[in-house]
1. Averaging sequence separations of C-alpha pairs under 8 Å and six or more residues apart, then dividing by the length of the chain, give the relative contact order as a whole percent.
2. From the convex hull of the Cα coordinates of the chain, what is the mean projected area in square nanometres?
3. Add +1 for every Lys or Arg and -1 for every Asp or Glu among the other residues with Cβ under 10 Å from the Cβ of V48, and state the total.
4. Given only helices, namely DSSP H runs of n ≥ 4 each adding -39500 (n - 2.57), what is the per-residue ellipticity at 222 nm of the chain, to the nearest 500 deg cm²/dmol?
5. Excluding residues on the same chain fewer than 8 positions from K147, give the lysines whose Cα lies under 23 Å from its Cα.
6. Pull up all non-local amide H partners of F86: gap of 5 or more, or a different chain, and H-to-H distance under 5 Å with H placed in the peptide plane.
7. Mind listing the long-range amide H neighbours of L3? Cut-off is under 5 Å, sequence gap 5 or more, other chains count too, H placed in the peptide plane at 1.01 Å from N.
8. I want to verify a result. In a Gaussian network model of the chain, Cα cutoff 10 Å, which of these has the top mean-square fluctuation: T115, T141, T161?
Amino acid sequence: MKLIILDHDGVINYDNNIYTKIPSEWRPIPGSLGAIAHLNQAGYRVVVASNQSCGRKALDMTTFNAINDKMYKAVIQTGGRIDAIFFSPYTNAEEHDCRKSVIMMFEEIAQRFATDLKDVPTIGDVLRYLQAAEAVGAAPTMVLTGKGKKTRTTIGLPKSTRIFADLATVVDTLTKCV
């Protein structure tokens, strides 16, 4: 099975430096929805893993689901599909290490899809996401959209991190290898 894991804000949709609080604020990054459809056509199962709730007490489940419903519909309109969305259940960042919660999401994905995450492309724009990908043996892949340009210069970036302009560029590279 070909699997790919995508972060939400900064990879699929614009990251407004706070977080998407309501569905009307959700706006896809140009090319991201078509990239997801292209992944599906190339045989990939697309999973979104978002630690959007980590430390975000203002976002309730109803709103989170409404935002994701808007994303699902937009992806479907481009001929794509998201197979699952995982999120951090923690709402207090002081009590829970956000990087550890991302690792737990990745482990849950591996369990749910009955697969090893070794070398699974894991696309993000923030350091904790890329470090968590490396910790589970996935292939950390950074996009320069969202917080990626700032993250690129951060100490602690996994050495194996591949860097791309955006999700569409990642997908073009992955699907050329198929």
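What follows draws every value from the coordinates through simple rules; no lab data is involved. If you're wondering where the values come from, they're calculated on a predicted model, not measured in any experiment. In this analysis, Cβ positions are derived from the backbone assuming ideal geometry, glycine residues included, and neighbour counts consider all displayed protein chains.
1. So the answer I get is 25 percent.
2. Details: hull surface 37.1 nm².
In nm², the orientation-averaged hull projection of the chain is 9.3.
3. Working: positive: none; negative: D7, D83.
Surrounding charge for V48 is -2.
4. Per the formula, -11000 deg cm²/dmol.
5. In chain and number order, the partners are K21, K57, K70, K100, K159.
6. Amide H to amide H, under 5 Å and 5 or more residues apart or across chains, F86 pairs with V48, A49, S50.
7. Those lying under 5 Å, H to H, from L3 are R45.
8. T115
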